[in-house]
Amino acid sequence: MSEDSLRLVTVERTATGRFTATNARGGTVAFGTGDGTEFTPVELLLAAIGGCTAADVDVSTSRHAEPVAFTVTVSGTKVSDEGGNRLTDLAVAFSVAFPQGPAGDRARTILPRAVAVSHDRLCTVSRTIEAGTPVAVSVEDRTVTD
């Protein structure tokens, strides 16, 4: 695996039920277990799906016209059953408006294809989920000694 393909995020506990994720570039996102206004891990997953596909579609459409409105809504149903906790019925809905005129018409014309290509090929997040990529887990014992 090359350095260009490796992605890394470190998650540190900051308080009970509170965490901060830090990426390799130094960016941070605070999140928690749901009793405050911070995003939960599940909401971050939904945001990652929406953000990934929104970025793909924005690149394709905004080269023709700057959108007047651009919203992506991502939803899913959290279930707990014999298979464990997970999300089902994931859905991504785009609501995009472009200005009137030839440039806006071109952007509107390519919008459905841009969404389809993002979903079918480009969005790493949703492609990973749909592929069912396994997650390896390990534990490092960091016992503190006096």
Select from region 40-88 the residues that are assigned to a loop (DSSP other than H, G, I, E, B) and farther than 12 Å from ALA107 by Cα and write down the one among them that is least open to solvent (accessible area, probe 1.4 Å).
THR40
Can you spot a residue in region 6-13 that is assigned to a loop (DSSP other than H, G, I, E, B), farther than 25 Å from GLU130 by Cα and out of contact with any strand residue (DSSP E or B) (no Cβ under 7 Å at 6 or more places or on another chain)?
no
Kindly evaluate THR143 against the criterion of being over 21 Å from PRO67 (Cβ atoms) and touching a residue at least 40 places away in the same chain (Cβ under 8 Å).
no
Of everything in region 1-19, what is under 25 Å from VAL72 (Cβ atoms) and more than 16 Å from the chain's Cα centre (by Cα)? Give them in sequence order.
VAL11, PHE19
Are there any pairs with C-beta distances below 6 angstrom linking a residue in region 26-55 that is more than 18 Å from LEU8 (Cα to Cα) to a residue that is at pLDDT below 95 and surrounded by 16 or more Cβ atoms within 10 Å (Cβ to Cβ), with the two at least 6 apart or on different chains, and if so which?
GLY32/GLU38
Any residue that is surrounded by fewer than 16 Cβ atoms within 10 Å (Cβ to Cβ), closer than 21 Å to ALA47 by Cβ and under 16 Å from the mean Cα position of the chain (by Cα) - is there at least one of those in region 105-116?
no
Close pairs (9 angstrom Cβ cut-off, 6 or more residues apart or separate chains): among the acidic types (Asp, Glu) in region 98-120, surrounded by 15 or more Cβ atoms within 10 Å (Cβ to Cβ) anywhere:
ASP105/HIS64; ASP105/ALA65; ASP105/PHE98; ASP120/ARG127
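The values are calculated or read from the model by the stated rules, or taken from the named source; none is laboratory data. This is a predicted model, so every value here is computed, not measured. So basically every Cβ, Gly included, is an ideal-geometry build from the backbone, and we count neighbours across all protein chains shown. To get the accessible areas, we keep the full protein, side chains included, count just its heavy atoms, and leave off ligands, DNA and RNA. Shrake-Rupley method; radii C 1.70, N 1.55, O 1.52, S 1.80 Å.
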